[in-house]
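S.K.: The structure under discussion is supplied below as structure tokens; questions concerning it will follow.
The values are calculated or read from the model by the stated rules, or taken from the named source; none is laboratory data. Only a predicted model underlies this, so the values are computations on that prediction, with no experimental measurement involved. Because the Cβ atoms are built from the backbone with ideal geometry, glycine has one as well, and the counts that use them run over all protein chains shown.
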């Protein structure tokens, strides 16, 4: 009984904290735009791999794989921009949930198909910078992809619950 009460107390305190921090400060809003820009750069990095046919994407990287690969990035960029514009966290949480679900689905499918060759990841970088990415291997990235899928599923569930409870508390204000 005491353990159940401490969990309830932890969850209640988390909800209160998220209600207090729902409005973003100006610096937090700016950081959302910076985050969107960085995600856009990451997307452009991979788009450049596709355009230049570096070998990073294998022939198994078809239209479905491209859609699933870029969708979580697109949702993440959109989520950051919307959060930065409106300055509220909870209002954008459904978009975050969609991004987490997309991440779970994409990671699951891309792990099955694995249309990548990570030995080519650094190919588009100047020679002096290639060492930053040269150590990535297919096996290491399969582990990262699996962890991203699991994290996406758990974050989708947690964010959905958080959204509902924080929304309820915000409506009381």
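S.K.: Got a sec? Which of 97, 92 is in contact (Cβ under 8 Å) with a residue 24 or more places away in the chain, part of a helix (DSSP H, G or I) and closer than 23 Å to residue 32 by Cβ?
M.R.: 97
S.K.: Using beta carbons and a limit of 8 Å, which pairs, at least six apart or on different chains, have the first residue in the stretch 58-72 and over 23 Å from residue 41 (Cβ atoms) and the second one not in a loop (DSSP other than H, G, I, E, B)?
M.R.: These pairs meet every condition: 58/116; 60/113; 64/109.
S.K.: While we're here: Residue 105: under 20 Å from the mean Cα position of the chain (by Cα), modelled with pLDDT of 95 or more and within 23 Å of residue 64 (Cα to Cα), yes or no?
M.R.: yes
S.K.: Something else about it: Being buried (at least 19 other Cβ atoms within 10 Å of the Cβ), over 30 Å from residue 17 (Cβ atoms) and within 15 Å of the chain's Cα centre (by Cα), is that true of even one residue in the stretch 69-92?
M.R.: yes
S.K.: Does residue 127 qualify as being out of contact with any helix residue (DSSP H, G or I) (no Cβ under 7 Å at 6 or more places or on another chain) and more than 30 Å from residue 20 (Cα to Cα)?
M.R.: Details: out of contact with any helix residue (DSSP H, G or I) (no Cβ under 7 Å at 6 or more places or on another chain): yes; more than 30 Å from residue 20 (Cα to Cα): yes.
So residue 127 passes the test.
S.K.: Next up: Report, by residue number, each residue of the stretch 47-67 that is surrounded by 19 or more Cβ atoms within 10 Å (Cβ to Cβ) and in a helix (DSSP H, G or I).
M.R.: Once the filter is applied, which keeps residues that are surrounded by 19 or more Cβ atoms within 10 Å (Cβ to Cβ) and in a helix (DSSP H, G or I), the stretch 47-67 yields 49, 65.
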